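Working notes, beginning with the structure itself.
Any read-out appearing in this document is the output of simple, stated calculations on the displayed coordinates, not a laboratory observation. This structure is a prediction, so every number in the text was calculated from the model and none was measured. Using ideal geometry, Cβ is built from the backbone for each residue, glycine included, and neighbour counts are taken over all protein chains shown.
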Amino acid sequence: MSEKKIIITIDGWSSCGKSTLAKQLAAKLKYTYIDSGAMYRAITLYFLRNHVDWTDAKAVARALKEIHIEFHYNEQTKSSEILLNGEHVEYLIRELVIAEKVSEVAAIKAVREYAVAQQQLLGAHRAIVMDGRDIGTVVFPNAELKIFMTADNAVRVERRFRELYEKNPNISLEEVKNNLEMRDYIDSHREISPLRKASDAIVLDNTNLFPQEQFQLAYKWAMDKISSTQPS
Ligand code: DC
């Protein structure tokens, strides 16, 4: 009997380490990892580059027709990377100029419909770990394992600052803090699929956890779900 493939969703606040955990789980389980936030970031990059006025619904609809997003697995980095219309944009989309606008773009109904439809297709064969804000609530409400990640604000700001400082030593802690707070606010207060914990999600607060401890915990939850789920 083959092992049942499950869907694992990881939602939570910005800079909680969702993608680190999702990548580790996917690698260990030999599942696909999808960073749904990267899709919203790539759409934001396209809008900025092409001067799309995202307050204009028609302009957004036209632009979305021109956007093609794919994920490719990079054997060297052992992780999936995003391509926007064939261009590798994995690094470009992490810049602060994108972070400053992405929550606004991600709040647009047409953008969410476009991204959610693609995310659901990517999970059609299960065996997937996807992280984001609405994955357990909207994209895969029937996922077998849902994790909701959180950590103290100061810890999140510090982690994000260290990450961005490596690439840009001119960045200030204040800038990072303001951006994080603004994104959390918009993400959790928007009208469509706001960030919230699914009622059946397990909360993982990693303020005082080492990455390895966090991984062991989540991996056990995944294995428990896999062994208690009947193969289809
Ligand atoms: O996870 P991230 O920081 O790369 O996400 C970028 C932005 O996209 C974030 O502000 C929230 C939004 N997002 C979303 O609205 N829904 C998702 N499923 C993933 C991300």
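Before moving on, here are some points about what is shown:
- Test result for Ile171, more than 21 Å from Lys30 (Cα to Cα) and not small (Gly, Ala, Ser): yes
- Looking at Lys177, Lys197, just one residue is in a loop (DSSP other than H, G, I, E, B) and of a type in the set (Lys, Arg), and that residue is Lys197.
- Within the range 55-109, considering residues that are within 13 Å of the ligand (Cβ to nearest atom), among the acidic types (Asp, Glu) and out of contact with any strand residue (DSSP E or B) (no Cβ under 9 Å at 6 or more places or on another chain), the one farthest from Thr20 (Cα to Cα): Glu104
- Residues that are buried (at least 22 other Cβ atoms within 10 Å of the Cβ) and either free of Cβ contacts under 8 Å to residues at least 12 places away in the same chain or away from the ligand (no atom under 12 Å from the Cβ) (or both), drawn from the range 20-38: Leu21, Leu25, Ala26, Tyr33
- Top-ranked residue of the range 1-19 - restricted to ones that are of a type in the set (Ser, Thr, Tyr) and within 14 Å of the ligand (Cβ to nearest atom), ranked as nearest to Met223 (Cα to Cα): Thr9
- Scan the range 130-147 for residues that are within 13 Å of the ligand (Cβ to nearest atom) and under 13 Å from the mean Cα position of the chain (by Cα) and the total you get is 8.
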